[in-house]
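Take a look at the structure below.
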Amino acid sequence: MKKSVPLYFNPESGSSEEALEQIRNDARIKLEPVSPENMAAIIQKAVKQGTERVLVSGGDGTISLAASHLAGKNTELAVIPSGTLNHFAQRTGIPTQVAEALDVALYSKARPVDVGYVNDRLFINTSAVGAYPVFVRSRKYLQNRMNYYPATIIAGIRRLFKFRLVRMSLAGKQLQTPLVFIGVGERELRLPHLGQVKIQGEKGLHLIAVDCRSGREAVQLIVRALFSGIDPLLSERRIENQLVDGIELHFRRRRRRVHVTLDGELVRLQAPLVYRFAPGEIMVAIPEERQALDRQQPLAGQ
């Protein structure tokens with residue numbers, strides 16, 4: 001019988017236990033629990049040994065960590081989504097159903113997948129500056145006392161009543177904004193899919209930021225977007241909306257360390273924040289039908 005393939009998983013991921021129950025009796029797979037702290041060493045060892053493909057199960061943070069050590073390498077990445085939201089799986093078309101994801105991981109061909117970097121820190125899906133990193137900090141604190149969803153709701157309400165604006169320079173323009181969002185690949189600008197990856201959209205980093213002068217005005221703009229959509233704000237030039245290969249975010253205070261989220265994980269980075277698009281940086285096993293769609297994806301500006 002063919003030797004079973006190791007599947008490295010983060011036991012702390014959002015829906016890890018549910019996914020594992022479906023895998024335990026699969027003779028093709030050998031489960032290997034790995035903490036985020038030890039994931040880097042495991043991946044680096046696999047690359048050094050010339051392993052053809054590494055199977056990883058976890059949320060976007062775990063997948064991003066694995067991808068950061070596979071970037072530019074020949075070793076391929078296969079993903080079994082087991083996080084709370086699984087944005088990377090949605091972007092690449094990887095099934096969230098365990099049985100289907102396993103088939104893709106074991107038998108589908110790998111293709112190059114784009115990523116982004118900020119100050120040489122890799123992210124596979126999104127990065128944000130401003131209100132969202134503060135929200136993540138609040139949520140993580142609350143999760144010590146309650147489950148994920150109640151913590152998310154309470155942290156979100158707190159941010160509405162304690163809105164902070166980030167003052168920065170973006171391509172020479174002075175900007176005050178509650179949030180800068182940067183996603184890998186073109187994003188949807190219309191509700192209900194605002195911020196989600198656009199199928200067959202252009203390649204690049206998609207920057208979205210609201211331009212406002214106060215926390216009160218920011219809340220008003222958000223309410224307008226919820227009821228009227230984002231188009232009026234775009235026509236009024238209240239939203240910065242750019243698809244770029246690279247961009248720098250400069251902040252008013254020099255040498256300031258800034259809280260940034262990378263695929264939902266909170267980090268502190270030295271300003272200015274230097275973002276760059278890295279096409280085809282990692283090799284990922286994805287479904288054949290998604291590969292056909294992605295081959296039609298145009299480059300930014302085409």
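The values are calculated or read from the model by the stated rules, or taken from the named source; none is laboratory data. Note that this is a predicted model, so its numbers are computed, not measured. In this analysis, Cβ positions are derived from the backbone assuming ideal geometry, glycine residues included, and neighbour counts consider all displayed protein chains.
Miscellaneous remarks
- Listed conditions (1) modelled with pLDDT of 90 or more; (2) assigned by TED's automatic domain parsing to the domain that holds ARG167 are all met by MET283, apart from (2).
- Residue match in segment 22-34 (condition: closer than 26 Å to GLN196 by Cα, in contact with a Ser or Thr (Cβ under 9 Å, 6 or more places away or on another chain) and not assigned by TED's automatic domain parsing to the domain that holds GLY204): no
- Extreme residue, surrounded by the fewest Cβ atoms within 10 Å (Cβ to Cβ), among residues of segment 95-109 that are among the polar types (S, T, N, Q) and either without any contact (Cβ under 8 Å) to a residue 40 or more places away in the chain or closer than 12 Å to SER82 by Cβ (or both): GLN97
- The listed residue being more than 26 Å from VAL79 (Cα to Cα) and surrounded by 18 or more Cβ atoms within 10 Å (Cβ to Cβ), out of LEU142, LEU122: LEU142
- Options GLY185, GLY229, GLY204: the member that is at pLDDT below 80, assigned by TED's automatic domain parsing to the domain that holds GLY246 and either surrounded by 12 or more Cβ atoms within 10 Å (Cβ to Cβ) or touching a Phe, Trp or Tyr at 6+ places or on another chain (Cβ under 6 Å) (or both): GLY229
- Among the numbered conditions (1) touching a Gly at 6+ places or on another chain (Cβ under 6 Å); (2) surrounded by 17 or more Cβ atoms within 10 Å (Cβ to Cβ); (3) over 27 Å from THR152 (Cα atoms), the only one that PRO112 does not meet is (2).
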